[in-house]
Amino acid sequence: MLTSTCPLAELAADVADRAGDDWRALAEPFRHWAARPGLRAELRAHIQSLPPEPASAMIRRSRETTTHFAWCLRDEREEPFSFWLHEYKPQRDWRHGYADSVHNHRYHFWTTILRGSYLHERYAATLDAASGLITSAELIHGDDYPAGTTGVLLADEFHRIPKAADNTMTFLVKSRPVSEWSVSFDPLTRTSHRHVPVETRLGELLERI
């Protein structure tokens with residue numbers, strides 16, 4: 001149970017008041033919240049204070065990706081958002097895959113870098129009208145972003161994180177999914193893939209058994 005003094009409860013109240021079709025409208029409350037002194041210490045204290053069952057629930061919702069561990073801090077069914085911590089692996093442990101490819105997401109999100117830094121690149125992608133896969137991608141902008149940086153990415157925008165400093169950690173506010181899948185594009189092989197979450201494929205599973 002989150003108390004009114006919990007940093008996540010304060011952010012949830014602001015996001016709930018403003019979340020809607022225009023995800024960019026969260027700029028003011030999110031940037032104000034992300035700039036609060038001692039945010040990392042507050043988040044650490046919140047996780048340390050979780051009773052056993054909420055702590056277990058957080059672990060069950062979390063997952064490993066090819067480049068980072070995604071910790072789900074808050075996911076209430078009635079809320080149009082969820083809160084996450086992304087703990088980036090050391091670069092030597094990255095497996096070639098999603099984050100370092102050109103890709104989009106099924107959801108909109110705001111993020112802030114809590115510690116470390118990463119190289120973030122934005123792309124203009126051309127999609128095949130029939131398959132929806134990426135046929136080409138052109139770099140628009142890329143820069144190294146330090147701790148304290150905030151930013152937004154919408155579901156129809158494409159980006160890439162080709163490298164991150166060791167011990168980099170980010171906090172994200174994600175919208176609920178606005179599309180059924182996302183796509184990625186490998187700049188080296190120029191191949192594109194569609195990514196469909198397993199939890200949406202029960203119908204396909206039943207058809208194939």
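Nothing in this text is a laboratory measurement; each read-out follows from the coordinates by a stated rule. Fair warning: this is a prediction, and the values are worked out from it, not measured in the lab. Cβ sites come from the backbone with ideal geometry, for glycine too, and all protein chains shown count toward neighbours.
For residue 108, the shell of other residues with beta-carbons less than 12 Å away shows a net charge of 0, using +1 for Lys and Arg and -1 for Asp and Glu.
For the chain, modelled as a Gaussian network with Cα springs under 10 Å, which listed residue fluctuates most, 68, 96, 108? Greatest mean-square fluctuation among the candidates belongs to 96.
Of 24, 106, 61, the residue with the greatest mean-square motion in the GNM of the chain, using alpha carbon springs below 10 Å, is 61. A cut-off under 11 angstrom between Cβ atoms defines the neighbours of residue 75, and their net charge, with Lys, Arg +1 and Asp, Glu -1, is +3.
Other residues within the sphere of radius under 10 Å centred on the Cβ of residue 6, judged by their own Cβ, net out at -1 (K and R +1, D and E -1). Centroid-to-centroid, using Cα positions, segment 120-188 and segment 49-88 are 21 Å apart. Given the options 183, 196, 173, which has the most mean-square fluctuation in a GNM of the chain, springs set between C-alpha atoms less than 10 angstrom apart? Taking springs between Cα atoms under 10 Å, the residue moving most is 196. In terms of its C-alpha gyration tensor, segment 1-108 has an oblate overall shape, because the principal axis ratio a/c (a ≥ b ≥ c, square roots of the eigenvalues) is not below 1.5 and a/b does not outweigh b/c. The calculated P(r) of segment 88-209, using every Cα pair and 10 Å bins from 0, goes 12, 39, 35, 11, 2 in percent. With r defined as the distance between the Cβ atoms of residue 129 and residue 189 and R0 fixed at 22 Å, what FRET efficiency is calculated, to the nearest 0.05? So the FRET efficiency works out to roughly 0.50. Alpha-carbon geometry of the chain: the Rg and the Dmax are 17.6, 54 Å, given in that order.
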